[in-house]
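The values are calculated or read from the model by the stated rules, or taken from the named source; none is laboratory data. Since the model is a prediction, treat every value here as computed from it, not as a measurement. Glycine also receives a Cβ, built like all others from the backbone with ideal geometry; neighbour counts cover every protein chain displayed.
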Amino acid sequence: MWQFMRIVLMGMGLCAGSVFVQAEWRQSRVLPAAEAKQAVAAEGQYVYAIDNKVIVRYDRRTGDRIAVSRGEAEHLNSGFIWSGKLYSAHSNYPQNPERSEIKELDLKTMEMSVFHSFGESPRGSLTVAVRENNVWWCVFAHYGLENHRTVLVRYDADWREQGTWSFPASVVSDLGSYSISGGVWRDGKFLATGHDKPVIYVLALPDTGTVLEHQKTVQTPFPGQGIAVDPVTHGLLGIHRARRQIVFAEEATPVEP
């Protein structure tokens with residue numbers, strides 16, 4: 001109960017005087033996966049553990065290790081499944097100049113190739129690439145004293161920027177020297193994760209301006225890194241890097257104020 005109330009109090013401080021009780025995300029199960037170091041993705045029967053250089057398919061029911069990706073990669077990040085392919089943010093971090101691209105993994109052949117290259121991007125290192133409302137949304141991260149320059153960018157079908165939003169100070173200050181490592185759209189909100197804290201920052205596009213609205217922060221059973229919406233349970237998946245686990249999470253029942 002005390003853990004829950006801590007999250008409630010956090011929320012009160014983020015919402016301009018409004019008082020509400022937040023739901024938490026709680027662990028429903030874990031699946032051991034040696035490659036669970038960067039992110040996770042999921043489809044019907046399978047889940048995918050994402051490491052820097054490889055993506056590995058696991059049977060979600062048995063936990064069996066089924067297949068390993070083929071193709072070059074240096075620093076894979078988040079994963080997103082769309083139309084039979086797994087798309088993963090990829091960069092040359094921590095090298096300079098920063099180069100970013102989206103890798104495409106064919107889930108039939110497990111061959112990985114370049115889907116789209118951003119080249120040398122002044123935006124930073126790509127950590128998130130997801131689709132929502134028929135467009136791509138990408139997070140370009142900066143670190144250390146420059147992490148306030150991290151942005152969410154929306155692209156049209158021809159990869160022209162349609163909008164750019166920065167992350168609010170309340171989120172940036174909580175990241176320490178790290179940056180945004182994961183993000184998904186769910187119920188019209190952008191759920192973002194950092195590097196190592198077991199929280200999700202719930203964000204929304206502003207009606208005006210270019211700074212995302214920080215609506216609340218909620219506790220999660222996975223400490224940062226790339227996350228995914230589970231199409232089977234409609235919950236979330238994350239990873240526990242230190243334990244090398246894929247973590248399944250479900251939303252707790254909200255408590256009436």
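Restricting to strands (runs of 3 or more DSSP E) lying wholly in region 168-257: which have 2 or more residues that are of a type in the set (A, V, I, L, M) and in contact with a Leu (Cβ under 8 Å, 6 or more places away or on another chain)?
On the way: elements: 182-186, 189-193, 199-204, 213-219, 236-240, 245-251.
Strands (runs of 3 or more DSSP E) meeting the threshold: 189-193, 199-204, 245-251.
Of these, Arg61, Arg123, which one is farther than 19 Å from Ala242 by Cα, modelled with pLDDT of 95 or more and among the basic types (Lys, Arg)? Please lay out each step first, then the result.
Working: Arg123 fails: modelled with pLDDT of 95 or more.
Within the list Arg61, Arg123, the selection yields Arg61.
Of all residues in region 59-106, how many are of a type in the set (Gly, Ala, Ser) and over 21 Å from Ala141 (Cβ atoms)? Before you say what the answer is, go through the steps one by one.
Filtering region 59-106 for residues of a type in the set (Gly, Ala, Ser) gives 63, 67, 69, 71, 73, 78-79, 83-84, 88-89, 91, 100.
From what is left, the residues that are over 21 Å from Ala141 (Cβ atoms) are 63, 67, 69, 71, 83-84.
Total satisfying the criteria: 6.
Return the total of residues in region 26-43 being part of a strand (DSSP E or B) and buried (at least 23 other Cβ atoms within 10 Å of the Cβ).
First, pick out the residues of region 26-43 that are part of a strand (DSSP E or B): 26-32, 39-42.
Restricting the remaining residues to those that are buried (at least 23 other Cβ atoms within 10 Å of the Cβ) gives 39-42.
Qualifying residue count for the region: 4.
So if I check each of Ala228, Ala204, which one is modelled with pLDDT of 95 or more, farther than 15 Å from Phe140 by Cα and over 14 Å from the mean Cα position of the chain (by Cα)?
On the way: Ala228 fails: over 14 Å from the mean Cα position of the chain (by Cα).
Of the residues listed, the single one that is modelled with pLDDT of 95 or more, farther than 15 Å from Phe140 by Cα and over 14 Å from the mean Cα position of the chain (by Cα) is Ala204.
Among the candidates Gly209, Gly235, Gly188, which residue alone is closer than 14 Å to Ser28 by Cβ, among the small types (Gly, Ala, Ser), surrounded by fewer than 22 Cβ atoms within 10 Å (Cβ to Cβ) and at pLDDT 95 or above? Give the derivation first.
Details: Gly209 fails: closer than 14 Å to Ser28 by Cβ; Gly188 fails: closer than 14 Å to Ser28 by Cβ.
Criteria check complete, one pass: Gly235.
Quick one: is Ile200 surrounded by 20 or more Cβ atoms within 10 Å (Cβ to Cβ) and within 22 Å of Gln45 (Cα to Cα)?
no
List the number of the failed condition for Ala129; all other conditions in (1) within 25 Å of Glu74 (Cβ to Cβ); (2) surrounded by fewer than 19 Cβ atoms within 10 Å (Cβ to Cβ) hold.
(2)
Quick test for you: out of Ile180, Ile227, pick the one residue that is farther than 17 Å from Ala41 by Cβ and touching a residue at least 40 places away in the same chain (Cβ under 8 Å). It would help to see each step written out before you state the result.
Details: Ile227 fails: farther than 17 Å from Ala41 by Cβ.
Just a single option satisfies the conditions, and that option is Ile180.
Anything in region 173-185 that is among the hydrophobic types (A, V, I, L, M, F, W, C) and crowded, with 20+ Cβ neighbours inside 10 Å? List them, or say none.
Step one: list which residues in region 173-185 are among the hydrophobic types (A, V, I, L, M, F, W, C), which gives 175, 180, 184-185.
If the condition is that a residue be among the hydrophobic types (A, V, I, L, M, F, W, C) and crowded, with 20+ Cβ neighbours inside 10 Å, then Leu175, Ile180, Val184 are the ones that fit.
If you check Val40 against the conditions, is it in contact with a Pro (Cβ under 9 Å, 6 or more places away or on another chain), modelled with pLDDT of 95 or more and under 25 Å from Glu251 (Cβ atoms)?
no
Please name all residue pairs, on different chains or six or more residues apart, with Cβ atoms under 7 Å, provided the first residue is in region 118-145 and is within 21 Å of Ala42 (Cβ to Cβ) and the second residue is surrounded by fewer than 18 Cβ atoms within 10 Å (Cβ to Cβ) and not aromatic (Phe, Trp, Tyr).
Final answer for the pair search is Trp137/Arg154.
Look at region 161-201 and say how many of its residues are farther than 20 Å from Asn134 by Cα and within 15 Å of the chain's Cα centre (by Cα). Write out each step before concluding.
Initial filter on region 161-201 (farther than 20 Å from Asn134 by Cα): 166-181, 193-201.
Add one more test, that the residue is within 15 Å of the chain's Cα centre (by Cα), and what stays is 167, 171, 175, 178-181, 193-201.
The total comes to 16.
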